[in-house]
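Below is one structure, written out as structure tokens; comments come after it.
The values are calculated or read from the model by the stated rules, or taken from the named source; none is laboratory data. As the structure is a computational prediction, the values presented were derived from the model and not from experiment. Don't worry about glycine lacking a Cβ; one is built from the backbone with ideal geometry, like all the others, and counts go over all protein chains shown. When the accessible area is computed, the model is the full protein with side chains, heavy atoms only, and any ligands, DNA or RNA have been set aside. Shrake-Rupley method; radii C 1.70, N 1.55, O 1.52, S 1.80 Å.
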Amino acid sequence: MASIKIVLYDKYVKLMLFPFNHLGSFGKLMKMYRKLEGCSQSLLTSDDLKSHLNRCSNVVFDQVVYREDPYDISDVFDESSNEGNLLLDFLVQRSGFRKCAPSDDQEKVLTFLKDNSVFENGKYWFRCDEEDVVAMK
């Protein structure tokens with residue numbers, strides 16, 4: 001779930017990546033769900049990316065910007081909400097999660113979301129921390 005932008009210059013390439021930070025709620029959700037489903041490579045966080053870049057030769061990288069954004073995820077707790085089901089699919093990066101995932105996995109994910117959200121003014125707010133990583137070679 002990282003956005004990627006590649007900028008080409010005369011003699012080098014700059015790769016800008018925008019993964020979710022591993023310490024934020026979204027990053028923790030990715031790591032928890034990755035264990036449930038068997039280590040999907042599509043659920044990478046900033047520490048996964050930095051670990052990989054550390055193993056690459058001739059690649060320099062740096063964290064540029066760190067952002068914290070709260071998202072209202074209240075609808076994911078309503079099984080009949082189409083918007084909530086789509087949001088849940090997005091959060092775990094699995095289409096039809098509520099229909100296809102084992103009920104035990106669904107329960108673990110929903111419990112995680114509730115436990116890692118702030119309940120305020122009748123809504124559940126889930127923090128998504130994004131970290132811009134720039135790599136150059």
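Among the candidates D78, D105, the residue that is surrounded by fewer than 16 Cβ atoms within 10 Å (Cβ to Cβ) and not hydrophobic (A, V, I, L, M, F, W, C) is uniquely D78. Just one of the listed residues (S46, S81, S95, S117) is touching a strand residue (DSSP E or B) at 6+ places or on another chain (Cβ under 9 Å) and modelled with pLDDT of 75 or more, namely S117. Put simply, of F112, F90 the only residue that is open to solvent by less than 60 Å² (accessible area, probe 1.4 Å) and modelled with pLDDT under 95 is F112. Among the residues of region 64-75, those identified as of a type outside the set (A, V, I, L, M, F, W, C) and open to solvent by 70 Å² or more (accessible area, probe 1.4 Å) are Y66, R67, E68, P70, Y71, D75. Using the structure shown, decide if F61 is touching a residue at least 12 places away in the same chain (Cβ under 8 Å) and either crowded, with 16+ Cβ neighbours inside 10 Å or outside any strand (DSSP E or B) (or both). Yes: the conditions hold for F61. The C-beta contact set for region 80-101 (first residue touching a residue at least 40 places away in the same chain (Cβ under 8 Å) and under 15 Å from Y33 (Cβ atoms), second residue open to solvent by less than 100 Å² (accessible area, probe 1.4 Å) and of a type in the set (F, W, Y), distance under 6 angstrom, 6+ apart or interchain) comprises V92/Y33.
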